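Just so you know, all these numbers are worked out from the coordinates, no wet-lab data involved. Since the model is a prediction, treat every value here as computed from it, not as a measurement. Every residue, glycine as well, gets a Cβ built from its backbone with ideal geometry; the counts of neighbours run over all protein chains shown.
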Amino acid sequence: MKSFNRIRRLNGVVSDFINENGLDNITIADIGADHGYLAELLSRNEKISKVIATDISKKCLEKTEKLVADFKLDKVETMLGDGLEPIERVDIVVVAGVGGYEIIKMLNYQNITKSGEKKSRFFIFEPSKNTVELRQFLIEKNMAILRDFIIESGGRFYSIIVVDTEKENTVEKNIFNLYFGRDNDVSNPEFIGFLKFELELLDFMKNLTKEQIENDENTKNKYEIFMLANKILKERQGE
């Protein structure tokens, strides 16, 4: 089940994006709608004319359908199906709480990287894991990352990645952008919280030998994150 506070934050991101880009009378798809909480909030936005809530699970979709019936959400339509398969053309697609590899699979399968106009121009992702791999995929496929930042909810941290499939990528494929997201900086307290959280998880790195780090690719990647997070925090403190 998605945290409702997290869903409210995500709804705010979508609303801000709509307002900043002067969008109106739009159709939006919530892929993997689960209980339908995001679809409900989106349907209350006067600039959104229709919300399509999809899920691969019939049981989950029934929860959304119950919410739609209970609250008489006339703007919400439910569809059963895998990923983007049930929808046709919409203005924005939101995919939240799904792993980065699943999102990559979804985009590849639906041929979005070659034909963005097929399903939607804009995508808003909130991957549950494998975020680095998703960023790398988007950059390599030349898909424009418009925004990429961290939000915190209930002591957990989530990356929000906003993509325009009709523009070319301008995000450099460097360590910071891949691990942390281009738009995070030390002025964002949520990003600082995320760095401290990562450092706690990776504290064991201090006790590893150079040989242990160099001989395992996964450990080497984690060590890069550990060192970069330390560097950013020290610079923030003026050390």
**Asked** Projected onto the charge dipole of the chain (+1 at Lys/Arg Cβ, -1 at Asp/Glu Cβ, origin at the Cα centre), which of 153, 226, 125 gives the Cα projection farthest towards the positive end?
**Response** 153
**Message:** In 10 Å bins starting at zero, report the fraction of Cα pairs in the range 152-199 per bin as a rounded %.
**Reply:** 22, 50, 23, 5
**Message:** Amide H of residue 147 versus every other amide H placed in the peptide plane: which residues, excluding those fewer than 5 positions away on the same chain, fall under 5 Å?
**Reply:** 162
**Item:** Under the Karplus curve 6.51 cos²θ - 1.76 cosθ + 1.60, θ = phi - 60°, whole-Hz ³J(HN,Hα) for the range 155-160, x wherever Gly or Pro sits
**Value:** x, 10, 10, 10, 8, 10
**Fill in**
Mean 1/r over distinct Cα pairs of the range 1-83, inverted to a Kirkwood Rh in Å, yields 12.7
**Request:** Using only Cα positions of the range 114-209, each an equal point scatterer, no hydration layer, compute I(q)/I(0) via Debye at q = 0.15, 0.16 Å⁻¹ and quote the log10 values to two decimals.
**Result:** -0.63, -0.71
**Message:** Only Cα pairs within less than 10 Å get springs; with that Gaussian network setup on the chain, which residue of 180, 122, 17 has the largest fluctuation?
**Reply:** 17
**Other-chain or far-sequence residues with amide H under 5 Å of residue 128's (modelled H)** = 97, 98, 99, 100
**Asked** Can you list, bin by bin at 10 Å, the percent of alpha carbon pairs in the range 1-143, starting at 0?
**Response** 12, 44, 37, 7, 0
**Asked** Hey, in the GNM for the chain with a 10 angstrom Cα cutoff, which one of 46, 198, 20 fluctuates hardest?
**Response** 20
**Prompt:** Using the Karplus equation 6.51 cos²θ - 1.76 cosθ + 1.60 (θ = phi - 60°), what ³J(HN,Hα) coupling, rounded to whole Hz, does each residue of the range 38-48 give in order, writing x for Gly and Pro?
**Reply:** 5, 4, 4, 5, 4, 5, 8, 7, 5, 8, 9
**Fill in**
Any residue on another chain or 5+ positions along whose placed amide H is under 5 Å from the amide H of residue 52 is listed here as 28, 29, 30, 77
**Message:** What number results when the radius of gyration of the chain, computed over Cα atoms, is divided by 2.2 N^0.38 Å?
**Reply:** 1.08
**Message:** Looking at the chain only, what percent of DSSP beta bridges run antiparallel? Nearest 5 please.
**Reply:** 40
**Request:** Measure off 7 Å from each Cα along the Cα-to-Cβ vector at residue 157 and residue 142, then give the distance between these two points in nanometres to one decimal.
**Result:** 3.3
**Using a Förster distance of 35 Å, the FRET efficiency for residue 133-residue 233 (Cβ separation, nearest 0.05)** = 0.90
**Prompt:** Going by alpha carbons, how many degrees (0 to 90, nearest 10) lie between the helix axis of 189-201 and the longest principal axis of the chain?
**Reply:** 60
